[in-house]
Structure formats: structure tokens, C-alpha cells
Amino acid sequence: MSAANTKNMQAKTTTIADIGRHEGESVTVRGWLYNLRESGKLLFPIFRDGTGVIQGVVAKNAVTPETFEAVKHLTQESSVMVRGKVRADQRAPGGYELDVSEVEVVQRVPEDDPYPISLKEHGVEFLMDHRHLWVRTPRQAAILRVRAEIIKAARDYFDDRGFTLTDPPVITPAACEGTTTLFPVNYFDQEAFLTQSGQLYIEATAMALGKVYSFGPTFRAEKSKTRRHLTEFWMVEPEVAYATLDDIMELAEGFVTFIVKRCLEKRRADLETMGRDASLLQKIDAPFPRITYDEAVQILQEGHAKGALETRFEWGGDFGSPDETYLSAQFERPVMVHRYPAKIKAFYMEPDPQRPELALCLDVLAPEGYGEIIGGSQRIGSYELLRERIREHGLPESAFKWYLDLRKYGGVPHGGFGMGIERVVAWVCGLEHVRETIPFARMLNRLYP
């Protein structure tokens, strides 16, 4: 291609997502070949650019022989710059096609070493081993765009309601959620761990700023292979001074509703790409059903009596994945389960004054069997009780001196929750496994790529 043509190619560049704004105009799209089919003197290349896909039409009598041959011999995932006129076509994906006039091949994938992910079916392990390439497919790209929208919605929700973003450390000296799921870190001559949660630290910033939240990576060395577990995942965690359990439940309810509505508004096309039934998400609105742990146990025991659950759940235990799946499948909206037994919850949760054996805590279980997406509580306000709980859990009191100070110097009732981004993405997108919800999943047996 001549220098003049290359310059012309760059004259009016657009993305595929915005191509509808240029109907009847000649534009340049920069991207990759996703697929190609041929019908006599017509070629039908499908291009992708990260924002979407569009079908091109290359007529042999409408382009130069060089252009026709260049397109005809394109290989999957070759990078190209394509010029053509935008034409509306209701039958086409996205409603538009591109009548191609010129093509510049930036890099052609060699035929003797073809792109490894073809359009045929591949096994999950193969796809995960090639995750760096798998993310290019329309479905995986759509999932990542929905993930980005959920993250943006989370930030917008708190930013617009007077919360201040505060960043907790990733390297910590002690456990937050129990000592058995910690990743140790060689931190010079001191014992340290990768964070399980930013919560303890944003309790401190809440005492300074009133309403705060954090968003960042967290790590759990839990040897679990379930479809809901990653060893590295992202959490958004709000914390509010002077908040009670009821306040936190109301905040969580509004937060989840806001995220779902934003995805329906901004990412409906991506949800359609994944085949997600949007009508199920349209049912998500406040108020959410609220049940106590006692009531949840009764539902599980009734499910066992009906033969829907293999084992009978006994009061005092924590819910496993099958229990959460069964509970959440009973509701069309997220269900909020509150007041669990204190002995199965974290050391920092405030006991229920009416029944001290219970903690003022909540879990939000997503519908359709997706289980827990939010866990939170009102935090212990008493210095003496918190110190007692730290000792009961066998935690090093010296590492929590600063945390105890929050109760000694101006302590107030306060609370918050954590929401795992990946579990919400899985639910909103209707995915079977969380491994597709993050660009590069870290799991028990997955560290590559």
C-alpha cells in the first residue's frame, strides 16, 4: 500500500462500537480478523477491535486485485487496518456492515503456525492455558466489559454518596478472616501476609472520614476447587461510622440494585452476546427479602425432607456452597440472611444484644443459585469485648493494638461489608465458574499464564 493510501486509511478512524454514528460514511477500523468465509466473488471477513465485531463485505469487482487477494488469504487473528463505507443492515451483528474498499495488513499470522484457538470447541484446561488469547473471543471480551462496568458502577455508587476511597495495605502483619487461609510473605526480617481483606484498616479511616470504601485485591489460601473460589480476587469494602446492622443491610441492598440496573442500561448488548437472560436481572429491585439464620436453617431442613438436599443441615454450622445454592434458588431477588451464630463468624462482629450467641452480621445471596456475593456486619464497639475475642481466636494481641485503639479513642458503633467483584460478575453474566470473570484467574492449581 502506498504512503498516500496509508495516510488516507488513517483519516477517519472509529471503533466498531461507534460505527453506527457514521452510516453512509467511509471510515477506518483498526483491529483483527476474527473469521472469514467466501462465496464466489464475495468475501465476508468478520473483524473485531475490542469494542465489538462487524462483518465486512469485499466484492471482487469493487476493490483492487491486491486488496481482494490480501483479504482472501488473511489468517485468523491477523491484525489489519480496514477502510470501507458503513451500511445499515438489520441482519448483521450490531445492525451494520462495512463495504470494504482497502485493507492494510499490519501483521499476518503465519499459516504454518496458526492461531491456536480456532472456532471449534476446546476444552476448558486448553482455554485456560491459552487465557492470554482466549480473552479475545467475543464472549470473553463481553464478560470483561461487564466486569469493568460493575467496577465503575461500584465506584460511582459510593463516590456519589459522600464516601471517600481509602486504600488499605496489601501486606499485613496479622489475619483478618482466620489464620488458616493466609499467604505468608517474606517481608525482610518480619512475619507478614497478603491481605485477606482491607476491612480492619478502613475501620480506622472511617473513624477519620465517616464514610469510606476500599477497592483492591485480596488473597485467600483456601484449598478449594469450587466454581466460586479464586485465591486472588477483588473486593469493594465500604465502612460507615455510626452505622447499625440495619443501616448496612440497606446500603448493601441499594448497592446491588444500582449495579444491576447500570449493567442493564450500559451493557445489554454484551449480556446478549453471552446469551444472558436479561429478564431475570430486570427483577432485581429493592426491597430484598430478609431472613434470619434460624429461618434459613428451617428452609434447608425442609429441603432435605423433600429430598432436594442430600444431608440435613444442623443449626450452628456455616453454609456450604450447596446450602447457599439451594437458599438463593428459592428467591428471584437477592436474599439477605442475617444473625448467624457468633462462633462461626469473624472475631470482630458485634453480638446481638437480644441473643448474644448470634452476631449482628449479614450475607447477601444472589438468586439463581449463585450464593454469597456480600458478607458484612456491625463491628464490636467495646474495647474489652474485642480484646477478649482476639484472645479467644488465638490471635497475637500485639498485632492488633492499633485496631483496639479505635475502640479506646472515640469508639462508635460502625459497620460495613465486602463484595467480591468476581462473584457478582459471574451472577450478572450468568457464568458457571468464576474463572472467566477475571482476566487471569489464580486458583488452587492455576498459576499460568
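Across the options THR137, VAL170, GLN301, the greatest Cα extent toward the positive end of the charge dipole of the chain (unit charges at beta carbon of Lys, Arg, Asp, Glu) belongs to THR137.
Under the convention that each Lys and Arg Cβ holds +1 and each Asp and Glu Cβ holds -1, the size of the dipole of segment 68-145 around its Cα centre is about 440 debye.
Listed by chain and number, the aspartates and glutamates whose C-alpha is less than 15 Å from the C-alpha of LYS283, apart from same-chain residues fewer than 8 away, are GLU253, GLU265, GLU332, GLU368. Across segment 359-371, computed HN-Hα scalar couplings (Karplus, 6.51 cos²θ - 1.76 cosθ + 1.60, θ = phi - 60°) run 9, 7, 9, 8, 10, 9, 9, 6, x, 6, x, 7, x Hz from first to last residue, x flagging Gly and Pro. For a label point 7 angstrom out from the Cα of THR180 toward its Cβ, which stretches of segment 288-327 have the backbone nitrogen within less than 15 Å? It comes to 317-321, nothing else.
Under a model in which nothing but the beta-carbon of Lys, Arg (+1) and Asp, Glu (-1) is charged, the chain shows a dipole of about 960 debye around its Cα centre. Projected onto their three principal axes, the Cα atoms of the chain cover extents of 84, 57, 41 Å, largest first. Distance between the modelled labels on TRP402 and PHE188, one decimal in nanometres: 1.4 nm (7 Å Cα→Cβ projection).
For the peptides 276-287, 403-414, 116-127, residues were scored by their other Cβ atoms within 10 Å and the scores averaged per peptide; the highest-first order is 403-414, 276-287, 116-127.
Put simply, segment 242-292 fits an ellipsoid with semi-axes of 27, 12, 7 Å; these come from the alpha carbon gyration tensor as the roots of five times its eigenvalues, largest first.
The count of lysine pairs in segment 3-107 with alpha-carbon distances below 21 Å, taking only pairs 8 or more places apart or on different chains, stands at 8.
Net length available on complete extension from GLN330 to LYS120 is 71.9 nm, with 0.36 nm assigned per residue and the Cα-Cα distance removed.
Partners of LYS343 within straight-line reach, counting aspartates and glutamates whose Cα lies under 12 Å from its Cα and excluding those fewer than 8 residues away in the same chain: ASP318, GLU357, GLU392. Take the Cα of ASN61, go 7 Å toward its beta carbon, and none of the backbone nitrogen atoms of segment 86-111 fall under 13 Å from that spot.
The ranking of LYS211, LYS60, LYS12 from fewest to most other beta carbons within 10 Å of each one's beta carbon is LYS12, LYS60, LYS211. When the pairs LYS211/LYS266; LYS152/LYS266; LYS225/LYS306; LYS345/LYS408 are compared against a 20 Å limit on Cα-Cα distance, LYS211/LYS266; LYS225/LYS306; LYS345/LYS408 fall above it.
Applying 1/(1 + (r/R0)^6) with r as the Cβ-Cβ distance of LYS72 and LYS261 and R0 = 41 angstrom yields a FRET efficiency of 0.35. The length gained by stretching the chain between GLU232 and GLU38 to full extension, at 0.36 nm per residue less their Cα-Cα distance, is 65.4 nm. Taking label points 7 Å from Cα along the Cα-to-Cβ direction, GLU357 and VAL106 give a separation of 6.5 nm. For the peptides 362-372, 189-199, the ranking by packing is 362-372, 189-199, with the highest mean count of neighbouring Cβ atoms within 10 Å listed first.
Plugging the Kirkwood radius over Cα pairs into Stokes-Einstein for segment 3-107, at a temperature of 4 °C and a viscosity of 1.567 mPa s, what D comes out in µm²/s? Calculated translational D: 97 µm²/s.
Placing pseudo-labels 7 Å out from each Cα toward the beta carbon at VAL135 and ARG87 gives an inter-label distance of 3.6 nm.
Bear in mind these aren't lab numbers, they're just calculated from the coordinates by the rules spelled out. As the structure is a computational prediction, the values presented were derived from the model and not from experiment. Cβ atoms come from the backbone with ideal geometry, glycine included; neighbour counts cover every protein chain shown.
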